[in-house]
1. What per residue convex hull volume, in Å³, comes out for segment 63-159 when only alpha-carbon positions are used?
2. Which of Lys104/Lys137; Lys89/Lys115; Lys89/Lys137; Lys99/Lys161 have a Cα-Cα distance over 19 Å?
3. Neighbour counts of other C-beta atoms within 10 Å: give me Ser110, Ser73 arranged from fewest to most.
4. Mind giving me the FRET efficiency for Val152 and Ala27? R0 is 35 Å, r the Cβ-Cβ distance, nearest 0.05 is fine.
Amino acid sequence: MKRYRTRRRIRNITISAGVLLVLLVGAGVAYTFYMSQTETAPVIAKPTSIVNKNTVTHVTLANNVPANASVQSLTSPVRPGDNASISVKGNPGSTCTIKVEYNKVSSTDSGLIAKKTDEFGVITWSWFVEATVPEGKWPVTINCEYNKKTAVVIANLVVTKTLPQE
């Protein structure tokens, strides 16, 4: 009887170890599959030059860095006849275009031209909101291209005849 119990324990331990091994291998395969489906993190190259600790260090971005764009500020709400502006941050050296539409009609203001981001990735546009623009929420679409990759960000410009009290 004692010998039977010992064999049974050994068998149960062996089965448990086998199940654990199968679970670990399955988890490893699942993890490897999942990681191969997601994008790898962009690599940033080493600084091109460092003068001293108190200066700004400019870096060169690697080729696999995705294009990005985010709105930093937008003057909104604005009244018809006022100026509006938007600041966007993206990759340094990106070429960005802007499109402002009122009632699905694009604004033709001369300030709405394609520009390049500065060495910090910042770009700003200012334009005149025509006096004939109706009240409402109007899309401001920024399209930035970096290394043949594109990023799009859309902000809402609120045009109203009465601004809230400050």
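Bear in mind that the values in this text are calculations on the coordinates, not laboratory data. None of these values were measured; they are calculated from a predicted model. Here Cβ is always computed from backbone atoms with ideal geometry, including for glycine, and neighbour counts include all displayed protein chains.
1. On the way: hull volume 7.8 nm³, N = 97.
Hull volume normalised by residue count: 81 Å³.
2. On the way: Lys104/Lys137 11 Å; Lys89/Lys115 12 Å; Lys89/Lys137 22 Å; Lys99/Lys161 22 Å.
Lys89/Lys137; Lys99/Lys161, as the Cα separations exceed 19 Å there.
3. Numbers: Ser110 7, Ser73 12.
The fewest-first ordering by Cβ neighbours comes to Ser110, Ser73.
4. Working: r = 38 Å, r/R0 = 1.08.
Efficiency at R0 = 35 Å is approximately 0.40.
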